[in-house]
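As structure tokens, the structure follows; a few thoughts come after it.
The values are calculated or read from the model by the stated rules, or taken from the named source; none is laboratory data. Computed from a predicted model, the values in this text were never measured in an experiment. Counting neighbours? That spans all protein chains shown, and the Cβs are built from the backbone with ideal geometry, glycine included. These area figures cover heavy atoms from the full protein model, side chains too; ligands, DNA and RNA do not enter into them. Shrake-Rupley method; radii C 1.70, N 1.55, O 1.52, S 1.80 Å.
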Amino acid sequence: MFHTIKRITKWAQEYKKRLYLGYICSFLSAWFVAAPVMLAAWFLEKMTEDYNGTSPLSRAYIWYSAAGMILAIVLRFFFTYWKNRLQESIGYEVAAKQRIEMGDVLKRVSLGFFEEKKTGDILTAVTTELSILELHGMKVIDSVVNGYLQVAAMICFVAFVSPAAAAVCLAGVLLSALALHGINRQSAYTAPISHKAKEELSAASLEYIRGLAIVKSFGRAGASFEAFQKAAKDNKDICIRNEYGFVPLNCLHLFFLKGASVALVAVAAFELMAGVLEFPMFLMFCFFSFSIFGGVEDINDAAHILSVIDKVLDKLEAMKKAPFIDESGKNLELQNSEISMEHVSFGYQNREILHDITFRIPEKTTTAIVGPSGSGKSTICSLIARFYDVKSGQIFVGGHDVREFTCDSLLSHISMVFQNVYLFHDTIANNIKFGKEAAEREEIIKAAKKAGCHDFIQLLPQGYDTVLGEGGASLSGGEKQRISIARAILKDAPIIILDEATASVDPENEALIQGAISELTKDKTIIIIAHRLATIEQVDQILVLDNGKLVQKGRHEELIRQEGVYRRFVSVREEAEGWKLV
Ligand code: ATP
């Protein structure tokens, strides 16, 4: 139990000092919980002396005890207030910091990391699991550490008057701690099971929501909903079973504490009869017996959650240890924007996809990558942006090996425009501004005009301040693509990697997108995963890929004269586009 408390304390990082000060306040507050009872007992003693005729009751005693009680109550609330002020916000502060740290980790790991881990797992770690720590971390500390500190303060008080009664209290606390140990062990067993059930529920929910459009279009809503329903039911069953498992140990924990309260009164009664204890002190113990264990009675709730917290901490620590792809990278400025690959081979997991690729893309030229589906075109682009590391060979950007850069600095020189555009659930202006955080409204509008999206944005209810649905759900494919081009225009990076839209775009949209692209690509080094013949014909260099190998390289006029993949590719495109090359 205290091992997890130690880990939570370590998790609190630079807020540790506040945590320790909070413990001191908690201990002091417990003393002032006991003080009014002590004063009441003292006053009762004076009343008894008056009643027995041994010493008359002075009015001053009433004032002293009333003033003492008020002071004790004020001090108790003062220390409780400071304990809460110091400790309660720590969970939220550390969790907020860690979410940002995790965001940074995710940004700097290889994309291979996301293939090893399910997105649902990562999502639960950053949201639900950090929330467990955020909400319960400090509460657990409050229950366990402050609970024991308070009971220790109370037992010190009792020991001052009656060591035997204090020993009985201590025995009750120790026995209840045994039951808590049992709860902790039970929780260590159940936590991984319920953790797994929660991860599966998150993954099933994510899968269900993401695939909803496909599921509906194939009329398979029933099948997909079943997996989600099963995960929800399994999670419920596991949680209920776990809770039932805790009931006997919870009862045992309370039984020892309540038993110790009764034993405290019994010991006090025996000592009263033996003349060791005065009647007012006996009454004080009777009052005490109700509240002495209050601080530790609720620890069983905290003990349930300790192993869950342990598991969460394990997972967060493991995620933080994920190797950064740019560990030794530097922030480099580019002298030029030439790109080259030298003998690059690469594979996902154990399957080699690219074999010994070598090419050079001179600065401010346009290079098209063509080839059959699955030949490795997108993979080449991902390697230039260093989403993954090569297996062998080297990639140079501006004369530097991409491994010399930090991810942020490399990507600050590259703009990527994908076919599947993702827009954030935010305003259109902020989505465009994503390309340049400090951009003014005029710059955003200028970029949007160049990208051909200003007119349709203005027709939206709140113009540039219209909030888009998640992923840009409220816009058409062509509109989303033009917004992503406006984003890239605003970023104004010297290298542009562009995945050209396939034939699915209608002619009007295609003309608009082409216009936007020509604005974006002026004076840049451009790599296009090309599908349209009109694009391919005009580029400075064509790289033809087949099955992960670079099979042809050159301009359209040279390649079209050669037998090979390029010629076949062109004739297929001619047929698809309905026109012929002369
Ligand atoms: P397309 O024109 O269809 O987009 P492409 O030429 O761009 O295809 P890539 O996307 O680079 O091809 O894929 C090359 C090969 O690598 C394919 O066989 C694909 O299945 C595989 N592949 C791509 N991404 C991954 C990944 N993340 N994990 C495992 N294999 C992958």
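How do Glu129, Glu442, Glu200 stack up against each other in accessible area, from largest to smallest, with a 1.4 angstrom probe?
Working: Glu129 10, Glu442 130, Glu200 85 Å².
Highest to lowest solvent-accessible surface, that is Glu442, Glu200, Glu129.
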What ³J(HN,Hα) values, in whole Hz, does the Karplus curve 6.51 cos²θ - 1.76 cosθ + 1.60 give for region 548-555 when θ = phi - 60°, with x put for Gly and Pro? x, 10, 7, 9, 9, 8, x, 8
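Rounding to the nearest 20 debye, state how big the charge dipole of region 339-577 is about its Cα centre with +1 on each Lys and Arg Cβ and -1 on each Asp and Glu Cβ. Don't skip to the answer; put the middle values down first.
Working: 27 positive and 34 negative charges, 68 e Å.
It comes to approximately 320 debye.
Once the other residues with Cβ under 15 Å from the Cβ of Cys251 are scored (Lys, Arg +1; Asp, Glu -1), what is the net sum? Mind showing how you got there, number by number?
Working: positive: Lys258; negative: Glu243, Glu297, Asp298, Asp301.
That sum, taken over residues with Cβ under 15 Å, equals -3.
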Select from His304, Trp31, Val109 the residue farthest towards the positive end of the dipole of region 2-320; place +1 on Cβ of Lys and Arg, -1 on Cβ of Asp and Glu, and compute about the Cα centre. Val109
How much of the DSSP bridge set in region 339-577 is antiparallel, in percent, rounded to the nearest 5? 55 percent
In debye to the nearest 20, the charge dipole size for region 2-320, taken about the Cα centre with +1 at each Lys and Arg Cβ and -1 at each Asp and Glu Cβ, equals 920 debye
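Of the peptides 192-199, 67-74, how do they stack up when ordered by the mean number of other Cβ atoms within 10 Å, highest first?
Details: 192-199: 17.4, 67-74: 14.2.
Order by mean packing, descending: 192-199, 67-74.
What's the local net charge at Asn331, with K and R +1, D and E -1, over the other residues with C-beta under 13 Å away? List each step's numbers first, then the result.
On the way: positive: Lys330; negative: Asp326, Glu333, Glu404, Asp408.
Net charge in that neighbourhood comes out at -3.
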Gap in Å between the Cα centre of region 304-330 and the Cα centre of region 221-263? 27 Å
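Using the alpha carbons of region 339-577, what is the convex hull volume per residue in cubic angstrom, as a whole number? Kindly include the intermediate steps, with their values, before the conclusion.
Numbers: hull volume 29.9 nm³, N = 239.
Hull volume over Cα atoms, normalised by residue count, gives 125 Å³.
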How much of Arg441 can a 1.4 Å solvent probe reach, expressed as accessible area in Å² and rounded to 10? 90 Å²
With the dipole of the chain defined by +1 on each Lys or Arg Cβ and -1 on each Asp or Glu Cβ, the option from His400, Ser571, Ser187 whose Cα lies farthest towards the positive pole is Ser187
Between region 1-80 and region 379-416, how many Å separate their Cα centres? 64 Å
Solvent exposure, largest accessible area first (probe 1.4 Å, DNA, RNA and ligands not counted), of Arg185, Arg108: Arg185, Arg108
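Given the chain, what percent of its DSSP beta bridges are antiparallel, to the nearest 5?
Once the DSSP bridges in the chain are tallied, antiparallel ones form about 55 percent.
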In what order, largest first, do Thr54, Thr379 sit by accessible area if the probe radius is 1.4 Å? Thr54, Thr379
Past 21 Å, Cα to Cα: identify those pairs from Lys491/Lys553; Lys320/Lys433; Lys16/Lys198; Lys17/Lys83; Lys139/Lys230; Lys107/Lys522, in the order given. Lys491/Lys553; Lys320/Lys433; Lys16/Lys198; Lys139/Lys230; Lys107/Lys522
When the helix-only estimate is applied to the chain (DSSP H runs of n ≥ 4, each -39,500 (n - 2.57), divided by the residue count), what is the mean residue ellipticity at 222 nm, nearest 500 deg cm²/dmol? -20500 deg cm²/dmol
Give me the distance between the Cα centres of region 538-563 and region 128-179, rounded to whole Å. 76 Å
Quick one: helix 221-273 against the long Cα principal axis of the chain, what's the angle to the nearest 10°, folded into 0 to 90? 20 degrees
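Rolling a 1.4 Å sphere over the protein heavy atoms, what is the accessible area per residue of region 339-577, to the nearest Å²? Walk me through the intermediate numbers first.
Working: 11070 Å² over 239 residues.
The answer is 46 Å² per residue.
Counting only heavy atoms of protein chains, what accessible area per residue, in Å², does region 2-320 have with a probe of 1.4 Å? Write down the numbers at each step before the final one.
On the way: 16800 Å² over 319 residues.
Roughly 53 Å² per residue, with all protein chains present.
Given 25 °C and 0.890 mPa s, how large is the Stokes-Einstein diffusion coefficient of the chain in µm²/s, with Rh as the Kirkwood radius over Cα pairs? Intermediate results must be reported in sequence, preceding the final value.
Values: Rh = 29.9 Å.
The estimated diffusion coefficient comes to 82 µm²/s.
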How high is the FRET efficiency between Asn350 and Phe255 when r is their beta carbon distance and R₀ equals 56 Å, given to the nearest 0.05? 0.45
Dipole magnitude (debye, nearest 20) for the chain, charges at Cβ of Lys, Arg, Asp, Glu: 540 debye
Local charge sum around Ala153 (other residues, Cβ-Cβ under 14 Å, Lys/Arg +1, Asp/Glu -1)? +2
How far, in degrees from 0 to 90, does helix 2-11 lean away from the longest principal axis of the Cα atoms of the chain, to the nearest 10? 50 degrees
Among Ser261, Phe279, Gly245, whose Cα projects farthest towards the positive end of the dipole of the chain, with charges put on the beta-carbon of Lys, Arg (+1) and Asp, Glu (-1)? Phe279
